[in-house]
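To start, the structure under review is shown below, and the notes come after it.
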Amino acid sequence: MIDLHLHLDGSLSEEDFKYLSKLNGVDLGNEFPSNIYVPMDCKSLDEYLERFELPLKLLQTSESIEYATYSLVKRLADLGVIYAEIRFAPLLHLTKGLTQVDVVKSTLCGLKRAIKETNYKIDSNLILCCMRHASIEENLITVETAHLLSNDKVVAVDLAGGETIHPCSYFGECFALARKYGLNITIHAGEATGSEEIMLAIDEGAVRIGHGVHLSLDMYSVKKVNNAKVCFEFCPTSNLQTKSLRTYKDVPLRSFINKDIRVTINSDNMTCSNTDCIKEMAQMVKTFKLDKREVIDLYDNAINASFTDEESKNKMRQAMLNAFDDSMLTRLNLK
């Protein structure tokens, strides 16, 4: 299985919280563990984002960041995930004196250790998030950091945060630098806003869109998306929790497929949303009555859109063919 949209800070396990709280001397609160999960009756995106305050407190040292990454990759391998792109914002981990380069190098240490310990059953790369609420200068450092480590499993830059207050057009200088360096670009867009933000993201060089569920399916938008070969990273459960969508039936999966728009299914935040990429795909199979061919096509989209080399993509294609045994078909509601 493949997850292209997965946030590190939203995916710490309960065991991670316990270990890291002791390591950092942070009180988890009387409501733990319920206070690390977002309820399905979450009222807004603001309430959803409150769940990130605690994990960020725990991820401010090299040791903590390395451990969290190591733990996540190991858990992904145990789930049967063969490839994941883990994203995070280095600028959110600097309160104890680390630099953005320090943060990413710590993440790389955990990533590589986990991959090796799983005997390379899983591969994983990193996406560095710029933040909409941060300054241009801070985000430029993130792009520079991505460039510095682009030959060491850092494969793209992202833009995350509140779309309505800080549209991606504010960050043209950052994207211009990313394009100059030849970095892959994915942008969170069209979750809290409409199609216009998605169009702006594509103009800035995004070849993948995080969420993007509010794309207008008019002739102009569909043509622009398809001509640019843009792929959408759907994360259904989190969209329900943030009230971007009301029900799973509102996920525009079937509409996108019918328009030949590339779509992938991802977890977003495994702990905050109490999910994983396999559960998300199973929910889409159940909701839209997807057949095996359609599910394979969605995974093919993920492989083709992944920010990795062609040799790795070919390995994923073979691994996915081998993965569709009886147990996996059951897990995906295909049997």
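Using the Cβ-Cβ distance between residue 43 and residue 288 with R0 set to 35 Å, the FRET efficiency works out to roughly 0.85. Any idea what log10 I(q)/I(0) is at q = 0.11 Å⁻¹ for the stretch 103-256, Debye with uniform C-alpha scatterers and no solvent? Treating every Cα as an identical point scatterer, log10 I(q)/I(0) equals -0.47. Given the C-alpha centroids of the stretch 260-282 and the stretch 109-182, what is the distance between them in whole angstrom? For the stretch 260-282 versus the stretch 109-182, the Cα centre distance is 20 Å. Around the Cα centre of the chain, unit charges on the Cβ atoms of Lys, Arg, Asp and Glu (plus for the first two, minus for the last two) sum to a dipole of about 840 debye. Counting only DSSP H runs of at least 4 residues, each contributing -39500 (n - 2.57), and dividing by the residue count of the chain, the helix-based mean residue ellipticity at 222 nm comes to -14000 deg cm²/dmol. Not counting ligands, DNA or RNA, and with a 1.4 Å probe, what is residue 300's accessible surface area in Å² rounded to the nearest 10? So the heavy atoms of residue 300 present about 50 Å² to solvent. In the set [x] 19.4, 76; [y] 19.7, 65; [z] 18.6, 55, the label that goes with Rg and Dmax of the Cα atoms in Å computed for this structure is [z].
Here residue 292 is the anchor, and the aspartates and glutamates within straight C-alpha reach of less than 17 Å, apart from those fewer than 8 places off in the same chain, are 280, 300, 325, 326. Note that the chain presents 42 Å² accessible area per residue, ligands and nucleic acids not counted, probe 1.4 Å. Given the pairs 74/96; 224/289; 116/289, which are separated by over 31 angstrom at their Cα positions? Among 74/96; 224/289; 116/289, the Cα-Cα distance tops 31 Å for 116/289. Across the accessible surface of the stretch 62-154, with the other protein chains kept in place and a 1.4 Å probe, carbon and sulfur atoms take up 53 percent. Ordering 308, 155, 127 by the projection of their Cα atoms onto the charge dipole of the chain, which places +1 on the Cβ of Lys and Arg and -1 on the Cβ of Asp and Glu, puts 308 at the extreme positive end.
The values are calculated or read from the model by the stated rules, or taken from the named source; none is laboratory data. A quick note: this is a predicted structure, and the numbers were derived from the prediction, not measured. No Cβ is skipped: glycine too gets one built from the backbone with ideal geometry, and neighbour counts run over all protein chains shown. Accessible surface areas use protein heavy atoms only, side chains included; no ligands, DNA or RNA. Shrake-Rupley method; radii C 1.70, N 1.55, O 1.52, S 1.80 Å.
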